[in-house]
Amino acid sequence: GTTYWGSTFNFPATVGLSKDFGLNIESGRYLLSIDVSAPFGDPIYDAVPYLDFTSFGLTGISTLPTVISASTPPESTPQWTTWSFEYVVAPDSSDVGNAIGFTALLSADDYTMMLDNLSISRVTAVPEPNLMISLGLGSCLLVFSKSRKR
């Protein structure tokens, strides 16, 4: 988009962004996607790698995410890199009912960060095709066996 959040600093400091969405966590899979960039046309600062963040991702979920994509953005170019993460919350997890949020905290020098297009989605379970076929065949066999008894 045209409105993004960014920060530039070149001395030891802590900078970050935190957002609470006012929604409670349910069991299931959550996908986090966000666009990350280095400052456009500024050769002084390095793009921040994912592993250099003190904290980055969804809050309220205690399990670590599976990193789907988190490559370091290109240096000093007007390009965005999409970072994607998957979180899994088990039905018996103590995280169920927690408020879900997002945080990006960076405590390092000579880095910048620009963040845009934050997206969090909960993926509902879809039955496996083999399970559906098995249930269908089982139902057909049950109906067939009952009709033969008559």
Nitroxide proxy distance, nm - points 7 Å out along Cα→Cβ at D52 and A99: 3.1 nm
Amide hydrogen neighbours beyond the local backbone of N98, cut-off 5 Å, H modeled: I25
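What full-extension length gain, to one decimal in nm, is calculated for L31 and S84 as 0.36 nm per residue of separation minus the Cα-Cα distance? Display every interim value, and only then the final one.
Details: separation 53, 0.36 × 53 = 19.08 nm, distance 0.71 nm.
Full-extension gain reported as 18.4 nm.
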Where labels lie 7 Å past Cα in the beta-carbon direction, separation of S119 and K19 in nm: 1.3 nm
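No value in this document is a laboratory result; all are computed from the given coordinates. Not measured: the values here are computed from a predicted model. Using ideal geometry, Cβ is built from the backbone for each residue, glycine included, and neighbour counts are taken over all protein chains shown.
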